[in-house]
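Report on the following structure.
The values are calculated or read from the model by the stated rules, or taken from the named source; none is laboratory data. Predicted model only: the values in this text are computed from it and were never measured. Quick reminder, even Gly has a Cβ in these numbers, built from the backbone with ideal geometry, and neighbours come from all protein chains shown.
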Amino acid sequence: MVEKLWYTPLFFGKKVIISSLLATKSEHAYSRDNTICVFAQPRGGSTWFSNLLLSLPRSMKVDEPLSRGMFDPSGKMPPAGIGKIKKLDELNFYYHQPIPKGANHQEAEQFFDDLFRLKYRNPYLFEETSYRSMLNPELLIFKFNQGNLMLEWLVDKFQFTPIVLLRHPFSVIASQLSFYAFEKVRSASKYEIPEFRFHEYFDPYQDILASLKHPEEILAARWSMNYLPVNQPSKKWLTIHYENVIADPDSELEKIFTYIGRNQPDEIREKFYLPAFKNHHDKTHYEEKGSKESWKGNLTDEQIKRIKRVLLDFGITSYNGEEVK
């Protein structure tokens, strides 16, 4: 996610390098065989998980193309010029934009066709990919942390291999509360939805949103609204739980690569315990963070009660087959 990215010397320098590296690949003829899309929520393990997929030969990651900057729950649209692709300003996408199944949105359809064809080459889309991997990539891995509310629409419109990555709500919310991208939430006491195309998606939740007063409640509501559409079993995508991958990597990785239709790379075990960002993780860290209750030290009892109340308001009583306690 990028707040200020336009017209800086670093931006143009990276753009020149990336454009040169990708020059041999003028267009990506996307299909289920060569395009994987990971759908998750911010702080849900998507960076680490997508890095595992980068173990596949000739793969390259496109990182958070739908990013609209720091999440602001105060009822305002994202400011213009904030994010990674300027076209989102024209589309007037919200932070977590819904597009209902079967909706007619030709402008968005053209945008995603261009996106999957690799026509957008903003250097910030490729920050999590090495320059070497940009030399004639064959497999593209798109990481969407803001795409859950349009997943069904996307899978009906485009050919790609979709994977949904879920993580325990308390873990996600505890991490978001200390993450810079949610700085505006930490001082917020309301969650209002502005007017934009398909904003009616949130109408059924207005009574719940109106009752929210605390940051953790706002984040619990956001998690819930982005969880409910992708939680139901579907033949259209593979659902993976972050905690399961950590606890039982052998069976989970086998499931993932069987679904992708590719052999599991030998080097994936080396990447398994590498950090999402190379500075503070090790095997012990991942075993601890992957546990179901690793968030407890970061949330007060009162915060836990408030989060659980919001989850129950949304009808969420369990996660990954276990009662939300």
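Does Ile246 satisfy the criteria of being more than 30 Å from Lys184 (Cα to Cα), surrounded by 17 or more Cβ atoms within 10 Å (Cβ to Cβ) and touching a residue at least 12 places away in the same chain (Cβ under 8 Å)?
Taking the combined requirement at face value, the residue satisfies it.
Return the residues of the stretch 254-265 that are touching a residue at least 24 places away in the same chain (Cβ under 8 Å) and within 22 Å of the chain's Cα centre (by Cα); say none if nothing qualifies.
Within the stretch 254-265, Ile256, Tyr259, Ile260 qualify.
Could you run through the stretch 177-206 and say how many residues are closer than 20 Å to Val230 by Cα, in a helix (DSSP H, G or I) and touching a residue at least 60 places away in the same chain (Cβ under 8 Å)?
Residues in the stretch 177-206 being closer than 20 Å to Val230 by Cα, in a helix (DSSP H, G or I) and touching a residue at least 60 places away in the same chain (Cβ under 8 Å): 4 in total.
Mind telling me which of the residues Lys325, Lys255, Lys305 ends up being modelled with pLDDT under 95 and surrounded by fewer than 19 Cβ atoms within 10 Å (Cβ to Cβ)?
Every option except Lys325 fails the conditions.
Name the single residue, out of those in the stretch 268-302 being charged (D, E, K, R) and surrounded by 13 or more Cβ atoms within 10 Å (Cβ to Cβ), that is modelled with the lowest pLDDT.
Here the answer is Glu287.
Residues of the stretch 222-264 being part of a loop (DSSP other than H, G, I, E, B), within 13 Å of Val164 (Cα to Cα) and not hydroxyl-bearing (Ser, Thr, Tyr), which ones?
The answer is Gln232, Pro233, Lys235, Lys236, Trp237.
Residue-by-condition table, conditions (1) at pLDDT below 95; (2) closer than 23 Å to Leu311 by Cα:
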residue	(1), (2)
Tyr124	yes, no
Thr129	yes, no
Ser133	yes, no
Phe142	no, no
Asn148	no, yes
Lys157	no, no
Leu166	no, yes
Gln176	no, yes
Ala181	yes, yes
